[in-house]
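What follows is a short report on a single structure.
The values are calculated or read from the model by the stated rules, or taken from the named source; none is laboratory data. Everything quoted here is computed from the prediction, not taken from an experiment. All Cβ positions, glycine included, derive from the backbone under ideal geometry; neighbour counts span all protein chains shown.
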Amino acid sequence: MRPEFASDANHTILQLDDVGKTFRSDAGADVTALASVDLTIRQGEFVTLVGATGCGKTTLLDLAAGITEPSAGHLRRGSGVRLGQSVAYVFQHYTLFPWRTTLTNVAFGLQMRGIGRRQARTCAMELLARVGLAGFEKGRPHELSGGMRQRAAIAQALAIEPVLLLMDEPFGAVDDATRAELQRMLVDLWQDRGMTILFVTHNIDEAILLGTRVVVFGGPPGRVVRQFDIDLPRPRDRNMKPFTNLFLDVRQALAGGLD
Amino acid sequence: METAKHTENRSGRLISLLTAAAPLLVLLLVWQLAAVRLGRPWIFPPVTRVLEQLAHPLRTHYASGSLLGNTSVSLLRVLIGFVLAAVVGISLGVLMGSARFVRRTVEPLIEILRPLCPIAWLPFAIAVFKLRTVPQLFGLAYTRTVWDQVQLGMIFVIFVGGFFPILTNTLDGVTGVRRSYVLLARTLGASPAQVFRHVYLPAAMPQILTGLRQGLGLCWFVIIAAEMMIGSDSGIGYLLMYAADNAAMDLVVAAMFIIGIVGASLNFLMRRVMHRFVSWKGREV
């Protein structure tokens, strides 16, 4: 546990004030990906961002990760949220280095920090066991199934002990049963480690099942349409009335946000 | 059961071996019959006489040395030139691929020089380097070893032959690295130098190895041609030319056979290396 966060539950991890992002397309035209986004994420939250494909969700994650800079407005990261140190990003595709084994993929961040081979290996083995990949450490990414690759990618991200974990539709390409397992595992990890998660999905069900807060995103250009605090007890049951009510509300907000 | 299956496997392998060898055996048979019937071995030597030459690789042919000796001279020249081409080609390719300024400066020159046949460099290289050898470069006059046959001009031409495919493949490999891998490494804390060492280099490795394989093959082509030129006095290409001048066509064909086998072996070797080190290529997910 990091001492600076342990006592302060309202510590701000990420704050966006009136943030806009405009790209210059290959044809030379300006494309507005994000328009005036206000969003605050606090320590320990599991924020799920739900929206249609192409509404700028990934751009928002890229801004949070420092891969791109805002063209308008302010983006502030809390103390202790440092790029390349405590912000991990799980992409949807190409989440692992194909020339490395599962073990050395997970150990990558530790290796970059100059942590000794043996210690990095021990740490990576523990993480692999934690995500249910014990015994697969010698395999290459192409030898793993889609679900196993996402498990390994999560372990790779956790290795740097992130304060903020960004995830871009990480379970978008796996079957339903595998997705349910991965979702359960992710909630467990989040509860164990006290990290903050910003999770992008286009799946309403997934957003409500995982998040402490669902941010409905509309566009293009991307903007926050509505936010829902989710205080349903975990493990959450999709068939309970409050869940299905929320589902309808989110769906309605989402439909209203489509232009 | 076990034994039956084993035998079946073995006979299957025998059949596929025979299928592969059959065209060669037929060719050799027809060749032998035709050559014996023609009866002019100085134009069209029988297989048996070629095999007889191959069976005596250490036999000295007048002043020109033996099949084995000349082959090792050629191989040594190729390996030195190839290693130089690999070191310079990979370094420059990686540099050009990662620094736009370097690429813009160097690429026009590269594009002018690249289409030039390496053999065209030979007279120039011999004029510049005279017939200086590698030992002479280190101040040794005469070592009485195979090294005395390794002239700088030859090395230069081999270098030119191997350099361009290695350079262009490395450049393609480095510029084709997926941005996702670079971003992934950066978010996991890699410094620019670490991204270079742990992302660009391994990600470009399949194409670097392809460049090395093409480069080595081309080096072997170039050395044979260079050794057949006037001014050469050793190497398997020289022996081939020398034998042709002396109407020793059995020796010519034996030399051709060796050139082919060595070329195929180099290619096979490089393929094995590739298979071993970059088995992930084409299976990125």
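For the residues B:THR60, B:THR71, the requirement of being in a loop (DSSP other than H, G, I, E, B) and over 23 Å from B:PRO165 (Cα atoms) singles out B:THR60. Please indicate, with yes or no, whether at least one residue in the range B:89-99 is in the same structural domain as B:GLY237 (by TED's automatic domain parsing), under 24 Å from B:LEU266 (Cβ atoms) and modelled with pLDDT of 95 or more. Within the range B:89-99 (the criterion being in the same structural domain as B:GLY237 (by TED's automatic domain parsing), under 24 Å from B:LEU266 (Cβ atoms) and modelled with pLDDT of 95 or more), the answer is yes, since at least one residue qualifies. The number of residues in the range A:108-132 that are among the hydrophobic types (A, V, I, L, M, F, W, C), within 20 Å of the chain's Cα centre (by Cα) and within 14 Å of chain B (Cβ to nearest Cβ) comes to 2.
Here's the yes/no breakdown for (1) modelled with pLDDT of 95 or more; (2) more than 14 Å from chain A (Cβ to nearest Cβ); (3) closer than 23 Å to B:VAL146 by Cβ; (4) in a loop (DSSP other than H, G, I, E, B):
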{"position": "B:PRO206", "(1), (2), (3), (4)": "no, no, no, no"}
{"position": "B:TRP220", "(1), (2), (3), (4)": "yes, yes, yes, no"}
{"position": "B:SER232", "(1), (2), (3), (4)": "no, yes, yes, yes"}
{"position": "B:MET241", "(1), (2), (3), (4)": "no, yes, yes, no"}
{"position": "B:MET256", "(1), (2), (3), (4)": "yes, yes, yes, no"}
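Where strands (runs of 3 or more DSSP E) fall entirely within the range A:190-259, none has at least 3 residues that are outside the structural domain of A:LEU61 (by TED's automatic domain parsing) and more than 30 Å from A:VAL131 (Cβ to Cβ). What are the residues in the range B:115-136 that are part of a helix (DSSP H, G or I), free of Cβ contacts under 8 Å to residues at least 24 places away in the same chain and closer than 25 Å to B:LEU92 by Cα, if any? Scanning the range B:115-136 gives B:ALA120, B:PHE124.
Just a yes or no: is a residue in the range B:217-234 farther than 20 Å from B:PRO118 by Cβ and among the aromatic types (Phe, Trp, Tyr)? No, the range B:217-234 has no match at all. Counted as qualifying within the range B:151-196 are the helices (runs of 4 or more DSSP H) with 2 or more residues that are more than 13 Å from every other protein chain (Cβ to nearest Cβ) and without any contact (Cβ under 8 Å) to a residue 40 or more places away in the chain, namely B:152-175. Among the candidates B:ARG186, B:ARG283, the residue that is in the same structural domain as B:ILE90 (by TED's automatic domain parsing) and among the basic types (Lys, Arg) is uniquely B:ARG186. Is it the case that A:LEU103 is within 10 Å of chain B (Cβ to nearest Cβ), surrounded by 15 or more Cβ atoms within 10 Å (Cβ to Cβ) and not small (Gly, Ala, Ser)? In short, no. You will find that of B:ALA63, B:ALA20, the residue that is modelled with pLDDT under 90, loosely packed, with under 12 Cβ neighbours inside 10 Å and under 26 Å from the mean Cα position of the chain (by Cα) is B:ALA20 and no other.
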